[in-house]
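To start, the structure itself, in structure tokens.
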Amino acid sequence: MTVLPPLLLPLLGVPLTLFLRKKRKIQSALALTLMLAALGATLALLATVLTTGEPVTVQLGRWPAPFGITLTADPLAVFMLLMAHLVLAAGFVYAAGSTEKVVQYPTFYPLFLALATGLTGAFLTGDLFTLFVFAEVIVISGAALTAMADDRYGVEAAYKYFYISTLASAFFLLGIGSLHVSYGTLNLADLATRIAENPSAPLTMAGLAFLTATFLIKGAVFPFHFWQPDFHAAAPTAVSAMLSSLVVKVGVYGLLRLTTLLFAGQTGLLPSVLVVLGVVGVIYGGFGAAGTHNAKRMLAYSTLAQIGFMLVGIGWGTPLSLAAALVFTFNHALVKAAMLMLAGAMASRAAVKSASFEVVVGVGKYHPFAGVLFLLGGLALAGVPPLNGFISKLLIFWSGVQAAQYLPLAVIGVASLVTLVYVVRSFVKIWFEANPEAKPKAGDRLWAPAFLIALSLGLGLWSQPLVALAQYVTDWLGDPSLYILSILR
Amino acid sequence: MNLLTALAIGLLFAAGIFQILRRNLIRAAIGLVLISNAINLFLFSVGAYNGIAAAYANATGQISDPLPQALVLTAIVISMGGFAFVLSLLYVISTRYKTSDSDQVTGLKN
């Protein structure tokens, strides 16, 4: 039964924090406690999965597998869950020390916990329709949180995101319908079995196309990304750190499930499409980030580029490149969340609250500690040793060499150098340029980004545990029958 | 009947897509509703024509698949909530800009 606590703790927090809406301090402390407890539960779940070597599965209402709703913590789910809960816990710590007006609103913590519930559920569910429901929970809570942001344009950004995401949900439902009419089931394990038995049922490829489109929109992959920089830049800092590091990973997770489980071996052109979109995303995101005038927007564009690396890893599809994509996913979540928090913390210390370079220029003069963190995070983003970003890029490049994919490799190698340019440029702008208007000012606390940067430094110096874990997950993904057997028995 | 349903759903879909491509944000929101209803009907028709008896215990005749009906119920609730949310966002936007023309809602461009 250890699957349920990581999901139920934040879910329980939603009504509880809503009841405590008048008692701000208790509400915030309760939300933080619940999230830390959920992180503890996730670690316990990880320990169980690793020691038994088998996924932990719960059939809700004790309906047996193809009929009921399955929650399963298989190695991939537990890997993503560990990443999500580490970053979410840091996000709640940041929100507790944030000076933004939005964290004072009574509905902030209930919505934030709903976002956490949605993320947890999306990774844990073993059923396509439940995945749709949890994805909707993420979309609605994320859009509502952005709509009430301090940023004046939060409402517009939320509208844009919500509109596009609703269309993505429409595609998701179409995909679900197409697969249900062909195979009569929505349980991932059952569906994977039936697709493997008869891959040429009438609407199978339509279902694959719809689901791919959904996950590409959710992951803000290149041609579907136009909402993403606006949305991530306008969201409240604590939330934007989650959106840019975790919410887009639901798309990556979905694509991993499509290619390694549901349509394992029947994906047709999909891997090549992913590689092409990934490479274009790396180029476009890199140059987009270099061209912006706002620190948060720059980091949002950078997410576009980093998602590109993960897609390339998934597209190559060799065991090593999948492991590299997983390591990249994990490391990117830590670093991107920390960087967005630092950009937001600097914006909160500026004269006017904005992350625009015109405003935050020179603000860092009085905050050298934040500068050290930002530089470390930026170097991790660019993939400079000894930080964790180096390990992720090394693995991607190494897997590309092994798969003999030299052309995409060369392109993303060159394009990833742009990262160094924009990171260093923003660092110099915020910490070294003179600005007479910048004054020492208290702002958001730096505990959360410090924790995340320490973690990424640690995972850069001693990367073996994470890489070993990713390889364990990849071994598991390599044989879809393991997943199917663990659920259908 | 099958053909008629398929045509109706297709028509609804086409109308929705046409509305989505309009510049007026309110029309676009209505297009969203048309599309989500078209999809609900599609999802419903996935299980509609296998049988006509409802899925009671001891039902006689060929039972229709009850799962799509349950899915549609969930999807209807979600799309209704989503539509209400879109309209409330639109309300804020249109009072702020005094227009619902998407070309004039340009706050994010700067």
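Things to note:
- Among the residues of A:179-189, the average count of other protein chain beta-carbon atoms within 10 Å of the residue beta-carbon is 2.
- Between 0 and 90°, nearest 10: helix A:270-290 axis offset from chain A longest Cα axis: 0
- Solvent-accessible area per residue in the protein assembly as shown equals 39 Å², computed with a 1.4 angstrom probe and all protein chains kept.
- Carbon-plus-sulfur accessible fraction, the protein assembly as shown (probe radius 1.4 Å, protein heavy atoms only): 70%.
- Nitroxide proxy distance, nm - points 7 Å out along Cα→Cβ at A:V421 and A:W398: 2.9
- Take the accessible area of A alone and of B alone, subtract that of the pair with a 1.4 Å probe, and the total buried over both chains is about 2700 Å².
- Partner aspartates and glutamates for A:K441 [C-alpha distance under 15 Å; skip if fewer than 8 residues away on the same chain]: A:E100
- Loop sites in segment A:1-68: trypsin sites (Lys or Arg not before Pro), DSSP, at most 10 other Cβ within 10 Å: A:K22
- Lysines with Cα under 20 Å of A:K25, excluding same-chain neighbours fewer than 8 positions away: A:K101
- Gyration tensor (alpha-carbon) shape descriptor, segment B:2-100, a/c threshold 1.5: oblate
- Length-normalised contact order for chain B - Cα pairs under 8 Å, 6+ apart - percent: 23
- Which listed pairs, of A:K296/A:K439; A:K218/A:K365; A:K160/A:K336, have C-alpha distances above 32 Å, in listed order: A:K218/A:K365
- Rounded FRET efficiency, nearest 0.05, which uses the C-beta distance separating A:L375 from A:T107 and R0 of 60 Å: 0.95
- In chain A, the DSSP-assigned H stretches of four residues or longer account for a calculated mean residue ellipticity at 222 nm of -24000 deg cm²/dmol, using -39500 (n - 2.57) per stretch and the full residue count as denominator.
- DSSP-loop trypsin sites (Lys or Arg not before Pro) across segment B:9-75, with at most 12 other Cβ within 10 angstrom: B:R23
- Partner chain coverage, peptide B:76-89 - average Cβ within 10 angstrom: 4
- At an R0 of 45 angstrom, the distance between the Cβ atoms of A:L461 and B:V92 translates into a FRET efficiency of 0.40.
- Three-way shape label, segment A:53-144, alpha-carbon gyration tensor, a/c 1.5: prolate
- Gain upon complete extension [A:I26, A:L43; 0.36 nm per residue less C-alpha separation]: 3.6 nm
- Cα gyration tensor category, rounded, prolate or oblate, for segment A:127-221 with a/c compared to 1.5: prolate
- Computed over chain A, relative contact order equals 16 percent, with contacts defined as Cα pairs under 8 Å that lie 6+ residues apart.
- Computed P(r) (all Cα pairs; chain A; 10 Å bins; percent): 4, 22, 33, 27, 11, 3, 0
- Over segment A:386-489, the ratio between the Cα radius of gyration and 2.2 N^0.38 Å evaluates to 1.59.
The values are calculated or read from the model by the stated rules, or taken from the named source; none is laboratory data. Since this is a predicted model, take the numbers as computed values, not measurements. No Cβ is skipped: glycine too gets one built from the backbone with ideal geometry, and neighbour counts run over all protein chains shown. Surface areas here come from the heavy atoms of the whole protein model, side chains and all, with no ligands, DNA or RNA. Shrake-Rupley method; radii C 1.70, N 1.55, O 1.52, S 1.80 Å.
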